[in-house]
Amino acid sequence: MMAEQEGMQAPEWLRTILGQQQEIMTQMANQFSTSLATISDRISHLEEAPGLTRTPSPAPEPQVAFTEPERRVKPRLPDPERYDGVDSSLYPQFKGMLRAKLEIDGNAIGSKQEKVWYGFGPIMVAAASRVYPWINVCSRMRN
């Protein structure tokens, strides 16, 4: 089979196409060389022109933005009264005052985590023992 392939020649139409392709590639290579030489000459001419000196451009100075440290807003509402959990009729009032404090003075208090701990602060021992496990679990899930 190898001997048969060696004796075979490509069809005439294929040799014609390959020849034309070779001619086109040669023309393109010549055009590229001519264009490259022209560009190179122009660059050399520009570099040698009087009045044009090649000086390195100075490095840009780093821009430093000075910002004032973030200031917390002063709180507007007083801290809610402590809640001990003994008299449950006082809870709605405590909850409302705490909610208002967090909504109105939230920026003064800080992040979400700081707000949670702020809300936990005025809860006294009996009520805190019921709330703290929830805060502890959420804190662990976050980390």
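The values are calculated or read from the model by the stated rules, or taken from the named source; none is laboratory data. Here the structure is a predicted model, which means the values were calculated and not measured. Cβ coordinates were reconstructed from backbone atoms using ideal geometry, including for glycine residues, and neighbour counts include every protein chain displayed. Please note that ligands, DNA and RNA were not included when accessible areas were found on the heavy atoms of the full protein model with its side chains. Shrake-Rupley method; radii C 1.70, N 1.55, O 1.52, S 1.80 Å.
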**Item:** Members of the range 75-94 that are open to solvent by less than 90 Å² (accessible area, probe 1.4 Å) and in a helix (DSSP H, G or I)
**Value:** Ser88, Ser89, Leu90, Pro92, Phe94
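Which of the residues belonging to the range 101-119 are open to solvent by 40 Å² or more (accessible area, probe 1.4 Å) and of a type in the set (Val, Ile, Thr)? I'd like the intermediate steps shown before the answer.
Let us first name the residues in the range 101-119 that are open to solvent by 40 Å² or more (accessible area, probe 1.4 Å), namely 102-104, 107, 111-118.
Listed by number, the residues that qualify are Ile104, Val116.
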**Request:** Kindly list, by first and then second residue, each pair from a residue in the range 120-143 that is in contact (Cβ under 8 Å) with a residue 12 or more places away in the chain and open to solvent by less than 80 Å² (accessible area, probe 1.4 Å) to a residue that is assigned to a strand (DSSP E or B) and of a type outside the set (D, E, K, R), limited to pairs with Cβ atoms under 7 Å and residues at least 6 apart or on different chains.
**Result:** Pro122/Tyr83; Ile123/Tyr83; Met124/Tyr83; Ala127/Tyr83
